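Computed from the coordinates by the stated procedures, all read-outs in this text should not be read as laboratory data. Just so it is clear, the structure is predicted and the values come from calculations on it, not from any experiment. Neighbour counts run over all protein chains shown; Cβ positions are idealised from the backbone, glycine included.
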Amino acid sequence: MARKRKRKSRRRQEGRKILELVPQYHIESGEDKPVTAARNYIASFGIQPPSVLVVKRNEHTTDRYFWAEKGLFGAQYVEENHFLFPSLQSIDLQEWDNDKAVATAATR
């Protein structure tokens, strides 16, 4: 029997495209919990928001976090609610042919 495919939310897909345009940092958690490792990395290197931190927990698992002016959030939450973050609202997505996305900064 064929498995039913999980429906992909358009809102989340749009949020994912926006997050792909933000600077990303790849780190390993080591002995710390992934959130603690992300917070320590942000503090030690003075990373400015908005940015995405991809924390490798072990060889199979990675956690993604979004560093915003308001604090550190799970990337999945930000993908679904990207319109709540002012730093992401300044990024406008324009759809081009062949699903290529171009970012333009909006001035207000």
**OP:** Please arrange Tyr77, Tyr25 by counting, for each residue, the other beta carbons lying within 10 Å of its beta carbon, fewest first.
**Re:** Tyr77, Tyr25
Subject >> Val35-Ser90 pseudo-label distance in nm [points 7 Å out on the Cα-to-Cβ vector] >> reply: 2.7 nm
**OP:** Give the long-range amide H neighbours of Ser51: residues separated by 5 or more places, or on another chain, with amide H under 5 Å away, using H modelled in the peptide plane at 1.01 Å from N.
**Re:** Trp67
Subject >> Reachable lysines, given that their alpha-carbon falls under 24 Å from the alpha-carbon of Lys33 and they are not under 8 places away in the same chain >> reply: Lys56, Lys70
Original post:
What do you get for Rg/Rh of region 10-105 when both radii come from the Cα atoms and Rh is the Kirkwood radius?
Top reply: 1.00
